[in-house]
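Participant: Okay, here's the structure, questions in a sec.
Any read-out appearing in this document is the output of simple, stated calculations on the displayed coordinates, not a laboratory observation. Here the structure is a predicted model, which means the values were calculated and not measured. Cβ atoms come from the backbone with ideal geometry, glycine included; neighbour counts cover every protein chain shown.
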Amino acid sequence: SQKIEQNSEALNIQEGKTATLTCNYTNYSPAYLQWYRQDPGRGPVFLLLIRENEKEKRKERLKVTFDTTLKQSLFHITASQPADSATYLCALGPETGGYQKVTFGTGTKLQVIP
Amino acid sequence: NAGVMQNPRHLVRRRGQEARLRCSPMKGHSHVYWYRQLPEEGLKFMVYLQKENIIDESGMPKERFSAEFPKEGPSILRIQQVVRGDSAAYFCASSPPGQGIDTQYFGPGTRLTVL
């Protein structure tokens, strides 16, 4: 069965620096991959989606890369701000032609220090 | 366009009672998912429903748990004879109909506490 790994330890970063979060997976070839943000006591919020045939996707200060050979996605937040502090979840879409369901990783907690 | 709504936001039950959690998907969305989350843990998939159909209930315990998404009205997650281990946050998400990309829109969650 597929396995998703995100850094279980919290990531602390100084304000203004670039935060990089990692999502690795095994035994799977997802048609797409998503990143969500979750704040304490709230439901996750969709941020970005990247398809298997895309290498990189950007949205404002966010950038996602997707390496299907390494089976890895990197999520970058440039010029990080304290308001970016949250838990970030990686989610794998189904394999191409597979049934419609995403599988979530356990998330990485990001703390941006002023 | 209102987002996904869940109620109640907080629910306290004693052991042995029943818990009913409600989820109203976004307008036009016909897919509903239920997840469970324990503190400091990830989202655990429970069940995926479309209108009047359970598509995948592989993450839902066979005993005491059931879910429905009727033609009219909200989706209901029902937990019978609750135990302390059922205490968790339960999130509902919805997505629009059709094949392809499944971006999920989450509700605020229901926090269940079993005394």
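Participant: Is there a residue in the range B:77-89 that is more than 16 Å from residue B:3 (Cβ to Cβ), away from every other protein chain (no Cβ under 14 Å) and in contact with a helix residue (DSSP H, G or I) (Cβ under 8 Å, 6 or more places away or on another chain)? Even if it seems obvious, please write down each step before you answer.
Facilitator: First, pick out the residues of the range B:77-89 that are more than 16 Å from residue B:3 (Cβ to Cβ): B:77-89.
Now narrow it down to the ones that are away from every other protein chain (no Cβ under 14 Å): B:77-87.
Applying the additional criterion that residues be in contact with a helix residue (DSSP H, G or I) (Cβ under 8 Å, 6 or more places away or on another chain) yields B:79.
Yes.
Participant: Residue under question is residue B:105, and the condition is that it be farther than 13 Å from residue B:25 by Cβ, within 14 Å of chain A (Cβ to nearest Cβ), touching a residue at least 40 places away in the same chain (Cβ under 8 Å) and not small (Gly, Ala, Ser); does it hold? Full working, then the answer.
Facilitator: Working: farther than 13 Å from residue B:25 by Cβ: no; within 14 Å of chain A (Cβ to nearest Cβ): yes; touching a residue at least 40 places away in the same chain (Cβ under 8 Å): yes; not small (Gly, Ala, Ser): yes.
So residue B:105 fails the test.
Participant: Next question. Only strands (runs of 3 or more DSSP E) wholly contained in the range A:10-114 count here; list those with 2 or more residues that are surrounded by fewer than 20 Cβ atoms within 10 Å (Cβ to Cβ).
Facilitator: Values: elements: A:11-14, A:19-26, A:32-38, A:45-51, A:56-59, A:62-67, A:72-77, A:86-92, A:108-113.
In the range A:10-114, A:11-14, A:19-26, A:45-51, A:56-59, A:62-67, A:72-77, A:108-113 are the strands (runs of 3 or more DSSP E) which contain 2 or more residues that are surrounded by fewer than 20 Cβ atoms within 10 Å (Cβ to Cβ).
Participant: Looking only at the range B:69-98, how many residues end up being under 24 Å from residue A:37 (Cα atoms), in a loop (DSSP other than H, G, I, E, B) and not hydroxyl-bearing (Ser, Thr, Tyr)?
Facilitator: Here the count works out to 2.
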